[in-house]
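The values are calculated or read from the model by the stated rules, or taken from the named source; none is laboratory data. Computed from a prediction, not measured in an experiment: that's the story for all the values here. Positions of Cβ are generated from backbone atoms using ideal geometry, with glycine treated the same way; all protein chains shown enter the neighbour counts.
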Amino acid sequence: MLVVTAEQMREMDRLTIQEYGVPSLTLMERAGEGIAKAILERFSKAAKKGVLVVAGKGNNGGDGFVVARLLKQKRIACEVALLARRDELTPDAAHNLRAFLKRKGKVVEIGADGLELLGQRMSRNGLLVDAILGTGVKSEVRGLYAEAVTLMNASGLPIVAVDIPSGLDTDRGFPLGVSIQAEMTVALGYPKLGEVIYPGLSYVGELAVSDIGIDHRAVQKVAPKTELLDGETIRWLVPRRDPDTHKGTYGHLLVMAGSRGKTGAAILACRAAMRMGAGLVTLAAPRSLNDIFAGSLVEVMTEPLGGKETEELETLSDEEWRRLLERKDALLLGPGIGVNDANRSAMRWLLRNLALPWVIDADGLNNLTLEIDRLRHAKTPPVLTPHPGEMARLIGKDTAAVNKDRVGAAQFFAVEHRCHVVLKGARTVIATADGRVFINPTGNPGMASGGMGDVLAGMLAALLGQGFSPQDAMNLGVYLHGFVGDQVAAAKGAIGLIASDIIEGLPAGIRRLSATTP
C-alpha cells in the first residue's frame, strides 16, 4: 500500500484537479462519502446518539461539512461547531457549509471565549468528528484550536479524524504541541507517512483509507516511493519448492560470527538461517570456540579460524579469503565478532572485493562505522541491519535524532552510501539504495529481547543466499520475523518471548503466511 507525504498528497490533488479535470468539489464530496460510510459501519451505535463535527476554516473543515450533510440525510442527528467565522472559510468549504445549511443543518460558531459552549455541544452527542486541521500544519497548534483539541480528547467520546488527527505532523507522526487522540482516522486517498509510524500510530486509532478518485496519472507523475507492507503482497514472496531440487539449490551461506562471551549470537544466526530455508550454512569462527559451535549446531558446518587460543577472528590473507568464500552464495558478517583491528581489516577487504550478496549486522556495523567512507564504493552494496543506536553511530548523530525521523535517516543513508538499510524497531523501516522505503507493520513489544536481531540477520542472509533480491529479501524477512513473533505472542503471551521462539516458529509461520488470503 502506497504511503505519501503531505507534499506528495497536495501535488496529486493539484494534478488531479488542474491537469486531469476532476473538480475539487468532487474530491471533497467523495471524501465526505468515505468518512460518513466509515462512521455508519464502525460507530453506528454512537452516531445514533448524535454527531458533532468540529470544523476548522480550511478544506478539512469542508470535508467535515460534507460528512455532516450526508449523515443528516441518513437521519443521524448531526450539527457543526465551527472554530472560525463563516467569512473565513475557503471557497470549497464555504460551498459545502451552504449545502449543509440548505438541509436545515445547525452550525454554531465558536470563538476564543466559546469553549464552554463547545463543551455543552459535545455533551449532547455520542460521537465527535475532527475536521479542524488537515495535512498542511507544520507549526505548533495554539490558541482556540489547541484548546478545542484538548477539550475533545477529554470528552470521553469516540473521535473520528478526517484524513489525519488534528495537530499530528503529517510526515513524522509527532504531535505539534497537542493532537487529537482518535478512535478512527479515515485517510483520504492514501495513508500519510505520520499515520503508519510511531508515535503517530498512538494517535490515529484504527486506520481506514478512503479512495477519493485521485487520477492514476497523478500518482505516476508524483511517484511516491514509500509503501506499507501487507500480508497479501508478502505472501507471494514466500518461496515454493519444486520436487526435483537438492540442498545446493537453496544456497550455501557463510556466517562470520561469534567471539568469547558472544557465542549465542552466532548460534542464533545460524539456526535462523537454516529455519529460513538455507540449503547449507558454514560458520567461520575462532578456533578456540569450535567445540561450542560444533556441539550446538549439528546441522551447520564449521570453519575454525586462527590459532588454538584465539577468541576473536584474526586477520586473513587474500588466499584465505578466497578459500573461505569459494562456492558460497551469501555472507553474514557481524553477530558477536567484537570490534578490533582484525575485523576492521576484514571489513575493508570485503568492501573492496566481495562479489556476493551480504548482510552486515551488530558488531559488523560497529566496525563499519570506522570505515564508513568506503561503504559507498563497496563492490557489492550490503544490507545493513542497525538498531537506532547503531544507526546513530553510522550517521554521526545521537539516537534521539534518528528516532525523530527514522524514515528520513534510513532513506538518506541508503541512497547516500549506496547500500540497503533495515532500521529495526517498532515499525521497522526498510530503505533501498535506489530510494524506496517500506514500513513493516508486524511485530510486538515482546520481541524487545536479546538475540532478535541475530535471528533477523540470519533470516535475511539465508534469503539472499537463495537468490532473493535485497529488496525482496528484506521485505519478506522483516515481515515474517514480526509475523512469527505475533503468532508466538498470541499463543503464549508477549512477556517472556525469546529469540529461539522465533526460530522454532519459522516453518509454521512460513506455511501460515503463504496460505494467507486477502
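Numerical summary
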{"item": "Where Met391 falls short, out of the listed (1) more than 16 Å from Phe413 (Cα to Cα); (2) touching a Ser or Thr at 6+ places or on another chain (Cβ under 9 Å)", "result": "(1)"}
{"item": "Residues of segment 438-455 classified as outside any helix (DSSP H, G or I) and under 16 Å from Ile498 (Cα atoms), total", "result": "6"}
{"item": "Of all residues in segment 422-454 being within 16 Å of Thr399 (Cα to Cα) and of a type outside the set (D, E, K, R), the one that is surrounded by the most Cβ atoms within 10 Å (Cβ to Cβ)", "result": "Val422"}
{"item": "Failed item, numbered, when Ile337 is tested on (1) outside any loop (DSSP other than H, G, I, E, B); (2) closer than 24 Å to Arg260 by Cβ", "result": "(1)"}
{"item": "Answer from Val383, Val402 - the residue that is assigned by TED's automatic domain parsing to the domain that holds Lys262, closer than 23 Å to Asp472 by Cβ and under 21 Å from the mean Cα position of the chain (by Cα)", "result": "Val383"}
{"item": "Members of segment 161-189 that are touching a helix residue (DSSP H, G or I) at 6+ places or on another chain (Cβ under 8 Å), surrounded by fewer than 24 Cβ atoms within 10 Å (Cβ to Cβ), assigned to a loop (DSSP other than H, G, I, E, B) and not β-branched (Val, Ile, Thr)", "result": "Asp169, Asp171, Arg172, Phe174, Gly177, Gln181"}
{"item": "From Val255, Val219, residue being out of contact with any Gly (no Cβ under 8 Å at 6 or more places or on another chain), modelled with pLDDT of 95 or more and among the hydrophobic types (A, V, I, L, M, F, W, C)", "result": "Val219"}
{"item": "Residue under evaluation Lys57, criteria (1) surrounded by fewer than 20 Cβ atoms within 10 Å (Cβ to Cβ); (2) charged (D, E, K, R); (3) in a loop (DSSP other than H, G, I, E, B), criterion not met", "result": "(1)"}
{"item": "Residue among Gly458, Gly435 that is part of a loop (DSSP other than H, G, I, E, B), under 22 Å from Trp358 (Cβ atoms) and either in contact (Cβ under 8 Å) with a residue 12 or more places away in the chain or of a type in the set (Val, Ile, Thr) (or both)", "result": "Gly435"}
{"item": "Cβ pairs under 6 Å, 6+ apart, first in segment 51-70 and free of Cβ contacts under 8 Å to residues at least 40 places away in the same chain, second surrounded by fewer than 24 Cβ atoms within 10 Å (Cβ to Cβ) and small (Gly, Ala, Ser)", "result": "Lys57/Ala84; Arg69/Ala99"}
{"item": "Failed condition for Thr16, given (1) within 18 Å of Met152 (Cβ to Cβ); (2) buried (at least 20 other Cβ atoms within 10 Å of the Cβ)", "result": "(1)"}
{"item": "Filter result (of a type in the set (A, V, I, L, M) and in contact with a helix residue (DSSP H, G or I) (Cβ under 7 Å, 6 or more places away or on another chain)) within segment 52-81", "result": "Leu52, Val53, Val54, Ala55, Val66, Val67, Ala68, Leu70, Leu71, Ile76, Val80, Ala81"}
